[in-house]
Every structure is written in C-alpha cells, then in structure tokens.
C-alpha cells in the first residue's frame, strides 16, 4: 500500500494541487465555482442578504467536486488539506485571470 506524501508548506503543496487539476473541464468548473464564491460575498453585502453566505460552501465545493469526481476521477485534496486546497483554488483562479495558468 502506497503512503501519501505529507506536505509541510503551501509552496510544497501547490505543485501537487496543479497535478490534481489537469483536466480542462475540471479547471473550468473550479474557476466558475471560485468566481461565484468571490461574487457572493459582495452580493450579500450589497443586497443585505447574509443568507447568501450560506451558499459559499455549496457553490465552491459543488463545482469543484463535480470536476474531481466526474472529470479528474480523483479525490479532492480538500479532505486532507482543507486550507491549502482553498488557498490553491484562489491562487489558481487569479493565475488563470493573469494568464499564468491555462483554463
């Protein structure tokens, strides 16, 4: 039985995260989900609807997990590295916007 590698830093984890997000459809789903999460926060403030914030985990994880389970065919790293995975989602989102990563 192979043992999983333990990552000790975000900079060590992020290259692994990218290997788990090679599929174009999965990346697009992650991008959409993260983008919607970013939009939900100001929308909740603008429309004075705090309940919008309850949508964040469903929107963010919903799109991402569809990408993993149906297109990447792998297990999301969120289960083992929740904060680094979340940070990586945002890093990938902004790198795609900046043209540093492909969509």
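Key figures for this structure:
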read-out	value
Sum of -39500 (n - 2.57) over DSSP H runs of 4+, divided by residues of the chain (222 nm, nearest 500)	-19000 deg cm²/dmol
85, 9, 26 arranged by Cβ crowding within 10 Å, fewest neighbours leading	9, 85, 26
Sites residue 70 and residue 50, calculated FRET efficiency, Cβ-Cβ separation with R0 22 Å, nearest 0.05	0.10
Cα-based helix-to-principal-axis angle, 56-66 vs the chain, degrees rounded to 10	40 degrees
Relative contact order for segment 25-97, counting Cα pairs under 8 Å that sit 6 or more residues apart, in percent	39 percent
Rounded FRET efficiency, nearest 0.05, which uses the C-beta distance separating residue 5 from residue 32 and R0 of 35 Å	0.75
Expected-Rg normalisation [2.2 N^0.38 Å, Cα atoms] applied to the chain	1.12
Folded to 0 to 90 degrees: helix 10-19 orientation relative to the chain principal axis, Cα	80 degrees
Between 0 and 90°, nearest 10: helix 24-46 axis offset from the chain longest Cα axis	30 degrees
Residues 21, 48, sorted so that the one with the fewest Cβ neighbours within 10 Å comes first	48, 21
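Throughout, read-outs are computed from the coordinates displayed, never taken from laboratory work. Because the structure is predicted, anything quoted here is derived from the model rather than measured. Note that each Cβ is placed from the backbone with ideal geometry, even for glycine, and that neighbours are counted across all protein chains shown.
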